[in-house]
Amino acid sequence: MAGKRGVVLIFTLLVSIVLYILLGSFFLKSINENNLVRRYVNSVRAFWLAEAGIAEAKRNMPNSIPSTALGTENYTYNATTSHLQGEYYQVVSTGSVMLERLPKPEVITRSLTAILKTNPVNPDNFQHAIRTTVDLVVKGNVRINGPYEENASFNFPSLFNYSKEDLKSSATHLYSDPPNNVTPVEGITWVDISPGGELRIASNTWAGSGILVVNGDMQITGGTFNGIIYVIGKLRMSGNPIINGSILVESDTELVEDTTLTGKVTINYDSDAIANVLDPLKFISPEIVSWCESIQ
């Protein structure tokens with residue numbers, strides 16, 4: 001009997017050892033599978049962080065995006081934008097997920113490369129010192145240095161490659177019924193004027209630049225402006241303002257009076273000023289033409 005009990009004890013011990021080994025194997029396998037799942041999930045997160053970097057770089061072209069946290073400091077992205085040639089730019093974006101591990105954190109990264117094509121505006125769309133869809137009345141000592149055209153036919157999208165809504169949504173400065181001599185006026189400035197009102201620029205020390213779109217009537221009697229002024233309404237100019245670039249007046253021929261210039265107004269057609277202010281418009285809605293995951 002003692003011998004049988006010994007055999008049973010040994011057999012039980014062997015079975016226990018085998019079970020411990022199997023359980024340990026299953027436990028390690030479970031841990032490894034959980035780690036694999038966790039790494040996969042965080043790799044997907046890093047991928048979408050890289051996508052967020054491309055979207056942010058596209059919105060802020062041509063600027064690169066520094067390391068930016070999304071939610072917590074463990075989830076970050078950065079994107080580098082570089083000019084390739086002509087209308088094409090490259091964005092390399094990296095998303096990073098940091099895992100708190102001992103003895104040191106582990107970082108999972110994914111990188112994406114996108115080629116974007118910009119949409120430049122042709123400066124040749126602007127060939128006149130002043131163009132107006134109604135009669136152009138010139139009195140006094142007005143100087144128009146460059147071609148001018150009255151009773152012209154033109155439309156906003158064909159000139160700027162974008163609709164009025166697109167340009168307004170991309171405006172650097174957006175004003176509604178602002179005070180006289182509003183500042184700053186730079187980059188893209190959009191001004192909405194209520195019926196019966198007008199945008200007035202009267203100070204001789206006033207200065208503006210860029211693309212100024214006035215959705216309403218405008219009166220200019222002083223100051224200096226470099227770039228393009230586009231008026232959707234009635235324009236009156238007198239006094240001694242100086243405009244370097246181009247003026248366009250889109251008026252309803254049945255409702256709006258003539259465009260009138262009097263006094264010592266000076267309008268200089270300046271192709272360089274026009275090209276300079278149009279150049280940033282190409283970044284309003286760049287198109288992604290190729291995309292791939294970068295090899296690390």
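If we scan the stretch 140-159, do we find a residue that is surrounded by 19 or more Cβ atoms within 10 Å (Cβ to Cβ), among the hydrophobic types (A, V, I, L, M, F, W, C) and without any contact (Cβ under 8 Å) to a residue 60 or more places away in the chain? No, there is no match, as no residue in the stretch 140-159 is surrounded by 19 or more Cβ atoms within 10 Å (Cβ to Cβ), among the hydrophobic types (A, V, I, L, M, F, W, C) and without any contact (Cβ under 8 Å) to a residue 60 or more places away in the chain.
The residues in the stretch 79-96 that are without any contact (Cβ under 8 Å) to a residue 40 or more places away in the chain and assigned to a strand (DSSP E or B) can be counted, and the count is 9. A residue that is farther than 26 Å from Pro147 by Cβ, within 30 Å of the chain's Cα centre (by Cα) and outside any loop (DSSP other than H, G, I, E, B) occurs nowhere in the stretch 217-228. Annotation note: of Asp124, Asp135, Asp177, the sole residue that is modelled with pLDDT under 95 and either under 20 Å from the mean Cα position of the chain (by Cα) or surrounded by fewer than 16 Cβ atoms within 10 Å (Cβ to Cβ) (or both) is Asp135. Within the stretch 237-290, the set of residues being in a loop (DSSP other than H, G, I, E, B), among the β-branched types (Val, Ile, Thr) and either within 18 Å of Gly223 (Cα to Cα) or free of Cβ contacts under 8 Å to residues at least 12 places away in the same chain (or both) comprises Thr262, Val265.
When the stretch 180-216 is filtered for residues that are in a loop (DSSP other than H, G, I, E, B), in contact with a Phe, Trp or Tyr (Cβ under 8 Å, 6 or more places away or on another chain) and surrounded by fewer than 19 Cβ atoms within 10 Å (Cβ to Cβ), the ones remaining, listed by number, are Asn181, Val182, Thr183.
I'd like the full set of residues that are surrounded by 12 or more Cβ atoms within 10 Å (Cβ to Cβ) and of a type in the set (Val, Ile, Thr), limited to the stretch 51-107. Within the stretch 51-107, Ile54, Ile65, Thr68, Thr76, Thr80, Thr81, Val91, Val92, Thr94, Val97, Val107 meet the criteria.
Against the list (1) in contact (Cβ under 8 Å) with a residue 40 or more places away in the chain; (2) touching a strand residue (DSSP E or B) at 6+ places or on another chain (Cβ under 7 Å), the condition Val121 fails is (2).
The values are calculated or read from the model by the stated rules, or taken from the named source; none is laboratory data. All values derive from a computational prediction rather than experimental measurement. Cβ sites come from the backbone with ideal geometry, for glycine too, and all protein chains shown count toward neighbours.
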